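Notes for the one structure printed next.
The values are calculated or read from the model by the stated rules, or taken from the named source; none is laboratory data. Everything numeric in this text was worked out from a predicted model, so none of it was measured. So basically every Cβ, Gly included, is an ideal-geometry build from the backbone, and we count neighbours across all protein chains shown. SASA here: full protein model, heavy atoms, side chains in, ligands and nucleic acids out. Shrake-Rupley method; radii C 1.70, N 1.55, O 1.52, S 1.80 Å.
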Amino acid sequence: LGADGLPRLASVPFDLNVLAFAAAAVGATGLAVGVAPALVTARADLMPLINEGGRSGTGGRLSRRALAGLIIAEIAVAIALVAGAGRLVRSFENLSNERRGFTSEPRLIGDVSLPFMQYREPARVEGWLDSAAARLRALGASRVAAVSSFPLRTEWDSTTFVDLVRNPSTDPHARPNARMRRASTDFFDVMDISILAGRAFTAEDRQGSQPVIVVSQAFADRFLQGRDPLREQVTIPGVHSRRIDGRWHNDPIQIVGVAADVRQESLGEAPEQTIYLAQAQVPARRLSVVAEAAALDVEALRPAAHDALSELDPNVPVEVTTLSEIVDASLSRQRLGMILMSSYGVAALVLAAGGVFWVVA
């Protein structure tokens, strides 16, 4: 159950030695629990013990109190486990319904990594993306976009420092930082990410034009401190850089839009500050191609989409998944905890009910 959500859990073997030890421990526990009352009974006079329950003697009261205390403790533990399981179920439901910042409609995601040597030139990368979009539209996709790192999949994410041109930080350790993604022109539309101010990327944002960037609402709130984001420029180390007089110079990048926050790390984490660079200006070669297929069965379209992308370049491996699978994978740990806790709660209730029944009987 937890192989998808816990690190290296799939590599843990089913060890027969551990199973044998657990079986021996269970047997030893049963013997230990049964031996103590058996020894007491063997050493005592049976007639007083038989009559003890019918008398109001001190021994009878102590026995009844001990049994009552055990029953109360057992039921209390069972209720605590069931209550904990209920809270986990409610938390899981809340996470499932959490506002993500992007669409919940069916989307196909095709992950590719273009070889640098073959796709060194930005025009080659753009040509591959144009061909991929054309093939996916021919299969029935209404809109296609690309992003360097998809939400809820942080393994491809990169984090960078960002310097504000008009208000640079004097402390190098307090420089603004953000998750950096490179998005194509239609990415915000395809993923239904709202543009709160300014604009998204357009076809005019290409090689040789004014460098532009879209920032998230969390970035604007934290680092711009109420200033108009559309009047701000930033520089990013190593991005839009050129060598002048033997030294590298970072060109200013104009903020042209503010995008709504998106859950990046997980649905349970607060949105992080994020910046989006124009894919056409700063091309990424490791990409997630996103295809909107709301009117189609995405599972039925999946094999055809994989074949269509693979045929573009046999040297480029392609992995196709769906948006729902990505969201489900991000909740795998919470789902595992909910299932385990619920199982423990049900088991505890069954044991408590059995204990009460046998004591009463």
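Quick test for you: out of Arg242, Arg247, pick the one residue that is without any contact (Cβ under 8 Å) to a residue 12 or more places away in the chain and farther than 23 Å from Ala284 by Cβ.
Criteria check complete, one pass: Arg247.
Specify the residue that is farthest from Arg143 (Cα to Cα); the eligible residues are those in segment 170-186 that are open to solvent by 20 Å² or more (accessible area, probe 1.4 Å) and in contact (Cβ under 8 Å) with a residue 24 or more places away in the chain.
Filtering first and then ranking leaves Asn177.
Name the one entry in Glu52, Glu74, Glu98 that is in contact with a helix residue (DSSP H, G or I) (Cβ under 8 Å, 6 or more places away or on another chain), at pLDDT below 75 and surrounded by 11 or more Cβ atoms within 10 Å (Cβ to Cβ).
Glu52
Is it true that Ala146 is open to solvent by 50 Å² or more (accessible area, probe 1.4 Å), closer than 15 Å to Ala278 by Cα and not polar (S, T, N, Q)?
Judged against the criteria, Ala146 is not a match.
Hey, any hits in segment 215-238 for a residue that's open to solvent by less than 40 Å² (accessible area, probe 1.4 Å), of a type in the set (Ser, Thr, Tyr) and in contact with a helix residue (DSSP H, G or I) (Cβ under 7 Å, 6 or more places away or on another chain)?
No, there is no match, as no residue in segment 215-238 is open to solvent by less than 40 Å² (accessible area, probe 1.4 Å), of a type in the set (Ser, Thr, Tyr) and in contact with a helix residue (DSSP H, G or I) (Cβ under 7 Å, 6 or more places away or on another chain).
Just to be sure, is Asp157 acidic (Asp, Glu), at pLDDT below 90 and surrounded by fewer than 19 Cβ atoms within 10 Å (Cβ to Cβ)?
yes
For segment 273-316, what are the residues that are in a helix (DSSP H, G or I) and not charged (D, E, K, R)?
Residues satisfying the conditions are Val298, Ala300, Leu301, Pro303, Ala304, Ala305, His306, Ala308, Leu309, Ser310.
Before we move on, is Asp189 free of Cβ contacts under 8 Å to residues at least 24 places away in the same chain and open to solvent by 50 Å² or more (accessible area, probe 1.4 Å)?
The answer is no for Asp189.
Would you point out which residue out of Ala293, Ala278 is modelled with pLDDT of 90 or more, of a type in the set (Gly, Ala, Ser) and under 18 Å from Val147 (Cβ atoms)?
When all the criteria are applied, what remains is Ala278.
Hey, Val82 hits all of (1) open to solvent by less than 90 Å² (accessible area, probe 1.4 Å); (2) aliphatic (A, V, I, L, M); (3) at pLDDT below 85 but one; which does it fall short on?
Evaluating Val82 over (1) open to solvent by less than 90 Å² (accessible area, probe 1.4 Å); (2) aliphatic (A, V, I, L, M); (3) at pLDDT below 85 leaves (3) as the failure.
Within segment 86-108, how many residues are of a type in the set (Asp, Glu) and more than 17 Å from the chain's Cα centre (by Cα)?
Matching residues across segment 86-108 total 1.
Which residue, of Thr58, Thr29, is open to solvent by 70 Å² or more (accessible area, probe 1.4 Å) and at pLDDT 85 or above?
Criteria check complete, one pass: Thr29.
Being part of a helix (DSSP H, G or I), small (Gly, Ala, Ser) and either without any contact (Cβ under 8 Å) to a residue 60 or more places away in the chain or under 28 Å from Pro317 (Cβ atoms) (or both), is that true of even one residue in segment 207-228?
There is at least one residue in segment 207-228 that is part of a helix (DSSP H, G or I), small (Gly, Ala, Ser) and either without any contact (Cβ under 8 Å) to a residue 60 or more places away in the chain or under 28 Å from Pro317 (Cβ atoms) (or both).
State yes or no: is Val18 open to solvent by 80 Å² or more (accessible area, probe 1.4 Å), at pLDDT below 80 and assigned to a helix (DSSP H, G or I)?
The answer is no for Val18.
Only residues in segment 280-299 that are over 12 Å from Arg107 (Cβ atoms) count as the first member; pair them with residues that are part of a strand (DSSP E or B) and open to solvent by 20 Å² or more (accessible area, probe 1.4 Å), Cβ under 6 angstrom, at least 6 apart or cross-chain, and list the lot.
The qualifying pairs are Val282/Arg182; Ala284/Arg182; Arg286/Ser113.
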